[in-house]
Amino acid sequence: MSNLTSITNEKISVPAIRARKVRGGAVPIVCLTAYSKPMAQLLDPHVDVILVGDSVGMVVYGFETTLPVTLEMMIDHGAAVVRGARRVLVVVDMPFASYQLSPAQAYQNAARVMAETGCAAVKIEGGIEMADTVAFLTRRGIPVMAHIGLMPQSVSAAGGYRAHGRDEAEAHYLVQSARKLQDAGAFAIVIEGTVEPLAARITNELEIPTIGIGASPACDGQVLVTDDMLGVFQDFKPKFVRQFAQIGEQITTAVQEYTAAVRGHEFPAPEHCFGVKPLVPVTINMQDNATSAKPTPQKKRSGR
Ligand code: KIV
């Protein structure tokens with residue numbers, strides 16, 4: 001494997017990610033979402049950052065938006081992911097209404113997320129208006145990944161899912177936001193759903209890495225929702241997603257085959273059952289016309 005696919009076996013730290021500027025010679029940061037221990041175990045040897053995104057609300061729970069996601073849900077999924085992570089940096093999203101009220105509210109809830117999940121950092125959505133909160137958290141030892149551009153928790157106020165930074169005022173707001181969040185101590189910034197030249201310009205201006213989603217190849221890293229890039233949802237393929245697999249199709253095929261096997265009395269077969277006598281192959285000795293039987297040894301298997 002080239003060093004482009006596997007960076008290091010050592011545990012990845014917040015300062016290590018903070019230092020990953022592509023213009024400084026680093027390879028891009030690879031980030032994917034996970035919400036469970038088995039998925040974290042699958043991603044851990046390959047990616048740099050696992051984001052326990054509040055997208056869990058839409059992907060796993062079927063909510064229309066991320067707004068109904070609670071702190072308890074994020075803590076439960078965050079803890080599950082941390083149990084499956086050995087080397088990656090795990091970042092947990094702060095859900096809607098858990099940090100916007102005041103820096104003190106943000107600290108109280110972020111501290112719970114850190115203590116109860118064992119994650120390395122939290123992510124919060126918001127531009128310049130969240131800079132004081134980011135400073136409050138980072139000065140008290142809570143590493144923060146910021147998130148600007150399209151912010152799913154504010155999608156209603158923003159007039160829906162659309163690319164940000166098209167007009168002068170929005171571009172100015174995003175550039176100012178990125179600068180202030182960096183000054184406030186954020187160690188990286190997710191730029192979501194933002195016009196490409198602006199995402200590239202912000203990346204170029206900042207000392208901390210940007211992680212793009214629907215942004216720019218010039219960003220210092222990329223993030224996707226794992227279920228999107230695996231093609232779990234056959235009817236959902238936004239412009240910024242490339243499907244690296246069609247897992248949805250594979251699941252459909254497997255379920256059809258299982259259904260047919262059960263209905264056709266092919267599954268379970270004797271080897272899937274407990275207490276079924278092993279098959280006894282009969283060998284015929286041609287010389288003395290005697291027959292001998294030797295039991296086939298049973299495979300050892302776990303109870304799972
Ligand atoms: O919730 C999430 O998964 C995210 C990423 C898409 C950036 O915020």
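Key figures
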| read-out | value |
| --- | --- |
| Filter pass, Ala171 being at pLDDT 95 or above, within 15 Å of the ligand (Cβ to nearest atom), outside any strand (DSSP E or B) and more than 21 Å from Cys119 (Cα to Cα) | no |
| Out of Ala106, Ala111, Ala146, Ala131, sole residue that is under 19 Å from Val175 (Cβ atoms) and more than 16 Å from the ligand (Cβ to nearest atom) | Ala131 |
| Segment 138-165 residues that are under 19 Å from Gln108 (Cβ atoms), paired with ones that are within 16 Å of the ligand (Cβ to nearest atom) and assigned to a loop (DSSP other than H, G, I, E, B) (beta carbon under 6 Å, 6 or more apart) | Pro143/Phe187; Val144/Ala186; Gln153/Thr66; Gln153/Phe96 |
| Options Val175, Val223; residue that is surrounded by fewer than 23 Cβ atoms within 10 Å (Cβ to Cβ) and hydrophobic (A, V, I, L, M, F, W, C) | Val175 |
| Subset of segment 220-241 [part of a loop (DSSP other than H, G, I, E, B) and within 12 Å of the ligand (Cβ to nearest atom)] | Val225, Pro238, Phe240, Val241 |
| Count of residues meeting criterion [small (Gly, Ala, Ser), under 17 Å from the mean Cα position of the chain (by Cα) and assigned to a helix (DSSP H, G or I)] in segment 63-116 | 4 |
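Every residue, every condition in (1) within 16 Å of the ligand (Cβ to nearest atom); (2) surrounded by 18 or more Cβ atoms within 10 Å (Cβ to Cβ); (3) closer than 25 Å to Phe236 by Cα, yes or no:
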position	(1), (2), (3)
Arg23	no, no, no
Ile50	yes, yes, yes
Glu64	yes, no, yes
Ile75	yes, yes, no
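Listed here are the residues, each with its yes/no results for (1) of a type in the set (A, V, I, L, M); (2) touching a strand residue (DSSP E or B) at 6+ places or on another chain (Cβ under 6 Å).
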position: Ile12; (1), (2): yes, yes
position: Arg18; (1), (2): no, no
position: Val59; (1), (2): yes, no
position: Phe63; (1), (2): no, no
position: Tyr99; (1), (2): no, yes
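The values are calculated or read from the model by the stated rules, or taken from the named source; none is laboratory data. This is a predicted model, so every value here is computed, not measured. Using ideal geometry, Cβ is built from the backbone for each residue, glycine included, and neighbour counts are taken over all protein chains shown.
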